[in-house]
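Asker: This is the structure I want to talk about, given as structure tokens.
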């Protein structure tokens, strides 16, 4: 089955700096890659996603890139703000199942 | 904005007892899911449900587990004879279609003593 690896597990950045979180996947048939933000006490919330026929997608301060050949995808957050502090999960869909990474705890220091 | 809700937020039970976790998916969604997250570990897929039947399940979802949509709004996960290792956060999610964005509920923390 699919295996998703996520790095780093923790990340601290100064407010205004950029944050990058990277994921790799193993199943070349995976075709959809969402990113979720999980705040304390809440369920994961979708923040951006990318399909396998696209290499990059951007939504304001958030962007995702996908390299199908290397089987990795990354989340980029620019101009980070304290409210970006949360746990971020990547996921890959293989068939009708989603496989999640282990999460990255992002702390934005004011 | 519509959202997925789950009850209870925290459930404590004795080993061997049965628990039912409840979810109310977004009203016009047709696909329903359960995931679990053991503390400090990955979110893991348990089961997907469509048209009143299971469409896919993981190896975790054994005979101890069952799902049901007893009425037009609720979606439940039943765990029979709970074990210590069932302690985890359980998330329900729903989607309009099988490849559409899944919206997650806030989760139920299950603690088995």
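No value in this document is a laboratory result; all are computed from the given coordinates. Remember, it's a predicted structure, so these values are computed and weren't measured experimentally. Methodologically, a virtual Cβ is constructed for each residue, glycine included, from the backbone with ideal geometry; neighbour enumeration extends over all protein chains shown.
Asker: With the structure loaded, tell me whether residue A:107 is farther than 21 Å from residue B:45 by Cβ and in a loop (DSSP other than H, G, I, E, B) or whether it fails that test.
Answerer: For residue A:107, the condition - farther than 21 Å from residue B:45 by Cβ and in a loop (DSSP other than H, G, I, E, B) - is not met.
Asker: Here's a follow-up. Being at the interface with chain A (Cβ under 10 Å from one of its Cβ atoms), in a loop (DSSP other than H, G, I, E, B) and either over 18 Å from residue A:31 (Cα atoms) or in contact with a strand residue (DSSP E or B) (Cβ under 6 Å, 6 or more places away or on another chain) (or both) is the filter here; which residues of the range B:85-111 pass it?
Answerer: B:98, B:101, B:102, B:105, B:106, B:107
Asker: Sticking with this structure for a sec: Does any residue of the range A:50-57 turn out to be buried (at least 16 other Cβ atoms within 10 Å of the Cβ) and touching a residue at least 24 places away in the same chain (Cβ under 8 Å)?
Answerer: No, there is no match, as no residue in the range A:50-57 is buried (at least 16 other Cβ atoms within 10 Å of the Cβ) and touching a residue at least 24 places away in the same chain (Cβ under 8 Å).
Asker: On the basis of being out of contact with any helix residue (DSSP H, G or I) (no Cβ under 6 Å at 6 or more places or on another chain), closer than 23 Å to residue B:34 by Cβ and either assigned to a strand (DSSP E or B) or more than 13 Å from chain B (Cβ to nearest Cβ) (or both), does residue A:42 make the cut?
Answerer: Spelling it out, it is not the case that residue A:42 is out of contact with any helix residue (DSSP H, G or I) (no Cβ under 6 Å at 6 or more places or on another chain), closer than 23 Å to residue B:34 by Cβ and either assigned to a strand (DSSP E or B) or more than 13 Å from chain B (Cβ to nearest Cβ) (or both).
Asker: Return the residues of the range B:1-50 that are without any contact (Cβ under 8 Å) to a residue 12 or more places away in the chain and closer than 14 Å to residue B:105 by Cβ; say none if nothing qualifies.
Answerer: B:1
Asker: When you scan the range B:3-42, how many residues do you find that are more than 13 Å from every other protein chain (Cβ to nearest Cβ), closer than 13 Å to residue B:87 by Cβ, in contact with a strand residue (DSSP E or B) (Cβ under 7 Å, 6 or more places away or on another chain) and assigned to a loop (DSSP other than H, G, I, E, B)?
Answerer: So the answer is 1.
Asker: List the pairs whose first member sits in the range A:77-106 and is more than 7 Å from chain B (Cβ to nearest Cβ), whose second member is surrounded by 23 or more Cβ atoms within 10 Å (Cβ to Cβ) and assigned to a loop (DSSP other than H, G, I, E, B), and whose Cβ atoms are under 6 Å apart, counting only residues at least 6 apart or on separate chains?
Answerer: Cβ pairs passing all conditions: A:87/A:103; A:90/A:101.
Asker: Can you name the condition, by its number, that residue A:29 falls short on among (1) under 16 Å from residue B:99 (Cβ atoms); (2) within 11 Å of chain B (Cβ to nearest Cβ)?
Answerer: (2)
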